[in-house]
Each structure stands twice: as C-alpha cells, then as structure tokens.
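Accompanying notes for the structure given below.
Bear in mind these aren't lab numbers, they're just calculated from the coordinates by the rules spelled out. Everything numeric here is computed off the predicted structure, so don't read it as measured data. Cβ sites come from the backbone with ideal geometry, for glycine too, and all protein chains shown count toward neighbours.
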C-alpha cells in the first residue's frame, strides 16, 4: 500500500476526532483538542502530499530511419507493330541490396570519446551511422543540427578521421 494513502487516512481520522472533541468537551478542552488534532491532521495531509508518487517525465526517443529494402525497378519494353505483345511485357531489375546495417566494432560511433549510446542514436537519426560517415561530416552543420558547441563536433570529426586513417 502506498504510504501517502496511509497518511491521508491518518489525517481524516484526526479530523474526525476533532469533530468528536468539539462536540463532547468543555470550552478550554475543546480549544486545545481542536487545535492539536487539526494541526496534526494538516501535518499528516501535507506529509502524504509530499510522499505521493511523482509522475515520471515522458522520454523522447529518437529513432534512426529504417534501412531500405531491395528496390525493384520495373522497366517496360516498347511495343513494336511487328512484334506481338507478350503476356507480361516487363523486365525486372534488382538493385543491389543495401548493407545489412552491420558496423564493425572498430567503426562504431561509440568508439569516439564523448559519444555514448544517446549521442550515437542522435547521430544515426541525422544519417551518420558509423565513424566513416562522421569523418566526412561538417563540424559546423553537425553542431547546429545537434545544438552543441562546434568545438565538440570538431573534436569528434578529428577523432573519426584518425580512426579511419588507421583502419
């Protein structure tokens, strides 16, 4: 059971006791008992309010764009008068499918000092999915898009270029 409910219940009981004392006691005893029980009732109600569960702030998640699947291009063949139209007059050409999304450990964005999972997710949402992409990015544009100092993005890009050169 939540502790704030217990404290609210205690406050209600104290207010009921106040009403009973107010009816059954003399003038001086009534004043002392009413003031005492009301004070404790307010104290318990306030304590219950302070200890109530807080609403958790909603989290904002940034999702990276989904990788594209293999595109299929349908090219129709032109009809000629002498040639009868086939049942299906098209050729299917498949583009090469994109990479599986696998990034080698040494090229992951989190290998750069200052880039954790959160920043990595933000960078992926901007189209920078690995260190190679980061090494080709513009520090100023990246700083503006992420709303961080360009000094930070310049350091990230320099680190990325070093790693790409070594690889």
Next item on the list: With a Förster radius of 30 Å, plug the Cβ-Cβ distance of residue 108 and residue 55 into 1/(1 + (r/R0)^6) and report the FRET value to the nearest 0.05.
Entry: 0.30
Notebook entry, point to check: Say each of residue 32 and residue 47 gets a label point 7 Å from the Cα, pointing the same way as Cα to Cβ; how far apart are those two points in nm?
Noted result: 2.3
Next item on the list: Once you have the Cα-Cα distance between residue 2 and residue 141, take 0.36 nm times their residue separation minus that, and quote the gain in nm to one decimal.
Entry: 45.1 nm
Next item on the list: Quickly rank 133-142, 146-155 as a protection proxy: mean count of other C-beta atoms within 10 Å, highest first.
Entry: 133-142, 146-155
Notebook entry, point to check: Roughly how many nanometres apart are two label points built 7 Å out from the Cα toward the Cβ at residue 117 and residue 150?
Noted result: 3.3
